[in-house]
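Heads up, the thing below is written out as structure tokens.
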Amino acid sequence: MKPMSRLLVIVAKLLSGYSVRWKDCQPDTCQRIYFANHTSHLDALVLWASLPAHVRTLTRPVAAKDYWERGAIRRHVAASFNALLIDRKEIKVHQSPVDLMIREMGNTYSLIVFPEGGRNSSREMGRFKSGLYYLAKKRPDLELVPVYLDNMNRILPRGEVLPVPLLSCITIGEPIWLENGEGKIEFLQRARQSIINIREEST
């Protein structure tokens, strides 16, 4: 691992004080989509950093290009944790975000995604956007792993620049798959509910 990547792992741990719980799921280098609730700009970095090193090196967080390319420092940080930056403003018909993710994964990488899209400051999770469904439809072999991030929104609240070190908890749940004949709405509701179930069990 590159020195900057090692430093990011240390910084993420210091800022979030995260503890990780694997529930009905084990660390594995098989290709997966980790999908999580989204409340902070630090979510992608902290979840990536919390994975075991042998898994982390094969996992790419999907993050907003407009945020992570704003300034040289953010660009350098994004490159150091191998983020896949998605342009949320100029979506091209011939190269959708899902197509880009599929191409960048190849047969090697796993991804970290946030199906709500933007950050959500309320306790109630927003509706999932359709990207997770189309990823599952195009790559039905992938394990879809729900993740609940607790307390991340208080580390870097919306509108704040400097993070406040706090303790957070990351719970990684049992994988799901797109079922035969399952429609988009039903699947997205089930995927969203899988994170809610982890949250409720955690509390």
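Here are the numbers for this structure:
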{"item": "Inter-residue pairs, beta-carbon under 7 Å, first farther than 24 Å from Thr108 by Cα and in the range 13-29, second exposed (fewer than 13 other Cβ atoms within 10 Å of the Cβ), 6+ apart", "result": "Leu14/Pro165; Leu15/Pro165; Gly17/Pro165; Gly17/Leu167"}
{"item": "Single residue of the range 52-63 satisfying the filter (touching a Ser or Thr at 6+ places or on another chain (Cβ under 9 Å) and farther than 21 Å from Gly131 by Cβ) that is least open to solvent (accessible area, probe 1.4 Å)", "result": "Val55"}
{"item": "Residue in the range 16-39 that is in contact with a Gly (Cβ under 7 Å, 6 or more places away or on another chain), open to solvent by less than 20 Å² (accessible area, probe 1.4 Å) and modelled with pLDDT of 90 or more present", "result": "yes"}
{"item": "From Glu143, Glu124, Glu116, residue being at pLDDT below 95, open to solvent by less than 60 Å² (accessible area, probe 1.4 Å) and under 22 Å from Glu174 (Cα atoms)", "result": "Glu116"}
{"item": "Pairs, first on the phi < 0 side of the Ramachandran plot in the range 40-58, second open to solvent by 40 Å² or more (accessible area, probe 1.4 Å) and in a helix (DSSP H, G or I), C-beta under 6 Å, six or more apart", "result": "Ser40/Asn153"}
{"item": "Qualifying positions in the range 73-100 - under 20 Å from Leu7 (Cα atoms), at pLDDT below 90 and aliphatic (A, V, I, L, M)", "result": "Ile73, Val77, Ala78, Ala79"}
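The values are calculated or read from the model by the stated rules, or taken from the named source; none is laboratory data. Keep in mind that this is a model prediction, so the values were computed, not measured. Backbone-built Cβ (ideal geometry, glycine too); neighbour counts: all protein chains shown. Heads up: the accessible areas ignore ligands, DNA and RNA and are worked out on the full protein's heavy atoms, side chains in. Shrake-Rupley method; radii C 1.70, N 1.55, O 1.52, S 1.80 Å.
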